[in-house]
Amino acid sequence: TQGHRMALSRQGALAAMVQALRARGFQNIAVLGSMARGDDSEGSDIDLWVLDEHAHREERMVEHHPITVIFEPVELVRANLARIEVSHARVLFDAGGRFAALKRLFRRQQSSLRRAIIAGTHDEVNELLEDSTRGCLASRLLSLRAAAVRVASLPTYLATNVRDPRWRHFETHY
């Protein structure tokens, strides 16, 4: 079927990109996002996470599939555990057990991260509600809509343990 061919092609694109990263010397590579969680579709991009000395990002098309590679130093990841889907990362290569150590750290800090997600969302919603009392009608309505999206997204934050979702994705559902 076409869906099966698309899945094979996505797997082929993933394998080709991972092989290219390995050829460049990268030893710590994981899959993030919908592909790692298993809820990807034919139109989903492929998100790769590479532990590197310098933070940067690369975007490529491989076999007609968009691939985003996020390069981050371990120290940056440790400092921003609430921003990254550490618990859902599907580790492909883990030289020195660096991903395993990050996952252990995440599990130890998970309850405090969840509290921080709730508190951060609460503060953000309160700011948006305050903004909704000022400005023109259109501006006030946009602030109320943004507050509603954040409240409606809280269960997703808590399920994924991530407080930095891609808003445009959530806004298409509300």
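The values are calculated or read from the model by the stated rules, or taken from the named source; none is laboratory data. These numbers come from a predicted model, not from an experiment. We place every Cβ from the backbone using ideal geometry, glycine too, and count neighbours over all the protein chains shown. Surface accessibility is based on the protein's heavy atoms, side chains included, excluding ligands, DNA and RNA. Shrake-Rupley method; radii C 1.70, N 1.55, O 1.52, S 1.80 Å.
Only residues that are modelled with pLDDT under 90, farther than 20 Å from G43 by Cα and open to solvent by 50 Å² or more (accessible area, probe 1.4 Å): list them for the stretch 56-79, please.
E75, L76, R78, A79
Given (1) in contact with a helix residue (DSSP H, G or I) (Cβ under 6 Å, 6 or more places away or on another chain); (2) of a type outside the set (S, T, Y); (3) under 25 Å from Y157 (Cβ atoms), where does E42 come up short, assuming only one miss?
Only one criterion in (1) in contact with a helix residue (DSSP H, G or I) (Cβ under 6 Å, 6 or more places away or on another chain); (2) of a type outside the set (S, T, Y); (3) under 25 Å from Y157 (Cβ atoms) is unmet by E42, namely (3).
Looking only at the stretch 16-43, count every residue that is part of a helix (DSSP H, G or I), open to solvent by 40 Å² or more (accessible area, probe 1.4 Å) and either in contact (Cβ under 8 Å) with a residue 40 or more places away in the chain or closer than 11 Å to E63 by Cα (or both) and tell me the total.
The number of residues fulfilling the criteria is 2.
Yes or no: the stretch 91-108 includes at least one residue that is open to solvent by less than 80 Å² (accessible area, probe 1.4 Å), within 28 Å of M35 (Cβ to Cβ), within 15 Å of the chain's Cα centre (by Cα) and modelled with pLDDT of 90 or more.
For the stretch 91-108, residues open to solvent by less than 80 Å² (accessible area, probe 1.4 Å), within 28 Å of M35 (Cβ to Cβ), within 15 Å of the chain's Cα centre (by Cα) and modelled with pLDDT of 90 or more: present.
List, please: which pairs have Cβ atoms under 7 Å, are six or more places apart or on different chains, and start with a residue in the stretch 92-112 that is at positive phi and in a helix (DSSP H, G or I) and end with one that is acidic (D, E) and surrounded by fewer than 16 Cβ atoms within 10 Å (Cβ to Cβ)?
Once the first residue is at positive phi and in a helix (DSSP H, G or I) and sits in the stretch 92-112, no partner that is acidic (D, E) and surrounded by fewer than 16 Cβ atoms within 10 Å (Cβ to Cβ) comes close enough.
If I filter the stretch 57-64 for residues that are part of a strand (DSSP E or B), closer than 16 Å to V18 by Cβ and touching a residue at least 40 places away in the same chain (Cβ under 8 Å), do I get at least one hit?
Checked the stretch 57-64: at least one residue is part of a strand (DSSP E or B), closer than 16 Å to V18 by Cβ and touching a residue at least 40 places away in the same chain (Cβ under 8 Å).
May I ask you to verify whether D47 is in a loop (DSSP other than H, G, I, E, B) and surrounded by 15 or more Cβ atoms within 10 Å (Cβ to Cβ)? Let's see the steps before the verdict.
Numbers: in a loop (DSSP other than H, G, I, E, B): no; surrounded by 15 or more Cβ atoms within 10 Å (Cβ to Cβ): yes.
It is false that D47 is in a loop (DSSP other than H, G, I, E, B) and surrounded by 15 or more Cβ atoms within 10 Å (Cβ to Cβ).
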